Amino acid sequence: MSQSLELYVGSATNKGNKPVNQDAIVSVIPKEPVIQNKGAVFAVADGISSSLVSDQASQTAVAALANDYYSTPDAWSTKNSALKVISATNAWLHAQSMKTESRFDLNTGYVCTLSALIIKSHTAYIFHCGDSRIYHLAAPLQDKHAILTQLTQDHRTYQTTQSYLANAMGLHSQIHLDFHEQSISVGDSFLLASDGVFDFVSEQDIVDLMSQLSAHDCAQQLVSLALKNGSNDNLSAVVVEVKQLPSASFHELQMQGLKAPKQAAVGHSIDGFELIRELYVSSRSHVFLASRKQENDDRLYALKVLSTELSHDQTAIEALLMEEWVGQRVRNPHLLSFPKLDAPKTALYVVSDFIKGSTLERWMLDNPEPDLESVRRIVAQVAKGLQAMHRQEMVHQDLRPANIMIDAQGTVMLVDFGATRVAGLVETDTRPSLIMGTAQYSAPEYFLGDVGSSQSDLFSLAVITYQMLTGKLPYGTGIAKCHTSKQLQSLQYVPLASHRDDVPNWVDYCIKKGCDLRPDKRQLEVSEFVSELEAPSLDSRQHRALPIIEKNPIMFWQRCCLVLFVMLLVALWH
């Protein structure tokens, strides 16, 4: 029988002589099978003293790692999973600072150090930025003394007698992390500590305490000793002891990547999910209705696998895994939910809740001339889903009627997060820089080679709103053909009044603004778009009513021709 990873941990944190504890620590040792799949997570974060909100930054940094790391797909490597989570958290922290006065001085913003240790199977993974530290005390061999090694380097810049933090979470939009991994043995110990501890205890003190005391007592004594020695900072210490490692055969098993299911067809079973019928089949993926009746679970699920042609395509695999990660990381009634599975996967697939309903695409066919209020209800719910993503610095990038579901109760949900762009993941995202969404709904900035933003999702939402009301696209199919700003200038927005005359002019103004070809001219947030769709804004009140030649040029020239024809008849009569 294979043995499992067994770790002991002890931790202590103290505000010292400061009014607020700007340090934050976390220790997560999950049970089987999670510890087999993802390992155990330990972290120390130290908020910078010049900021009044750095305690929030440090708490966010460790909490996000502890929670979001375990939501990453099992098929991602430990390094890739942690880097994505840390990078996304860094981007979020930096964005918070840029929304406040701290943008003029980031040393007053959401900035903190982060030193994280993930132990999985026989390997320790180290992630580090800032001046907190991680030490490794190797198990003593025979009569030799235990050896203490500092695994991280302090990211400090020294100028005369002063030192400054050169790298930290939230300091830049892109994080620069130190990373390395090393094999571990039974009897090894690790110490994660803030500078309030290691600046006031000697390495010999660390060795003695870690060698003689339990993890819990060691962490407490290190903090107490640092305080006794005059520490004038917050103090935090996390001590981890390796008591048992998995068997070698199990470790080799963990090194295997997930492959496409061998049998993905109706009537077959994958990891306890019985495939009932096909829901959707395309050249890219197959989606099945699935159940887990043998697990005493009465719910229905949608199980998605890649098509045979794309089962080895790295870009398609990344998109599939991204879809699951986003779905588990952002919870909202208007976003498709992906349940966390109890057991590790044996194949490459994703499972989401099953939505009994239809796509917005189907709804538009069934309702070719909907009333304005029905459109507003749908748009408002789509916007709520987008807002939940945007708050996490995520851009959907593939918003279209086929990716919007409406269930039997009228609840609207966004689905398909495979194209989602998460801020901070540029360095770890292996997908090529292509237009991820559907051309006719994609914002023009994508075709110019620019990076998408929340305004890009807003553009897609405005286009869909226009299409729901008219059955047409505001610029036809011309946007996808434009690859320069000059080409874009030739496009003309077709007013709603050209298709129907029962929509107020101020609604048209709102939609036109939302799908403006220039991102900086659109509403700032999707919530602002929804608000302006409900009631006229000050701008729309000042906006003049369109003359008939702009509102409906065909009708204008028809009337002109009719008048000229009548004038000609009158002239001939006389």
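Quick note: the coordinates plus some simple rules give every number you see, no bench work behind them. This one's a predicted model, so the numbers in the text were calculated from it and none came from an experiment. Positions of Cβ are backbone-derived with ideal geometry, glycine not excepted, and every protein chain shown enters the neighbour counts.
Using the Cα coordinates of the stretch 6-244, the gyration tensor eigenvalues translate into equivalent-ellipsoid semi-axes of 27, 23, 14 Å, sorted from longest to shortest.
Calculated mean residue ellipticity, 222 nm, the chain: -10000 deg cm²/dmol, from DSSP H runs (n ≥ 4) at -39500 (n - 2.57) each, averaged per residue and rounded to 500.
Pairs spanning more than 27 Å between alpha-carbon atoms, out of K79/K243; K384/K472; K84/K356; K38/K259: K84/K356. Label sites at Q294 and V20, each approximated as a point 7 angstrom past Cα along Cα to Cβ, lie 5.4 nm apart.
Spatially, the stretch 335-399 and the stretch 17-64 are offset by 32 Å when compared through their Cα centroids. Taking trypsin sites (Lys or Arg not before Pro) across the stretch 58-116, the ones in a DSSP loop with at most 13 further Cβ atoms lying within 10 angstrom of their Cβ are K99. Computed from the C-alpha gyration tensor, the three semi-axes of the ellipsoid equivalent to the stretch 290-390 are 29, 17, 15 Å, from longest to shortest. What FRET efficiency comes out for the pair Q487/Y280, r = Cβ-Cβ distance, R0 = 35 Å, nearest 0.05? Efficiency at R0 = 35 Å is approximately 0.50. Using the Cβ-Cβ distance between C560 and V451 with R0 set to 56 Å, the FRET efficiency works out to roughly 0.75.
All other residues whose Cβ lies under 15 angstrom from that of G16 are scored, Lys and Arg at +1 and Asp and Glu at -1, for a net of -3. Once you divide the Cα radius of gyration of the stretch 359-543 by 2.2 N^0.38 Å, the number left is 0.99.
Counting only Cα atoms, the size of the chain along its three principal axes is 125, 65, 38 Å, in decreasing order. Counting Lys and Arg as +1 and Asp and Glu as -1 over every other residue whose Cβ lies under 12 Å from the Cβ of K513, the net charge comes to -2. Pairwise inverse Cα distances across the stretch 56-116, averaged and inverted, put the Kirkwood hydrodynamic radius at 12.2 Å.
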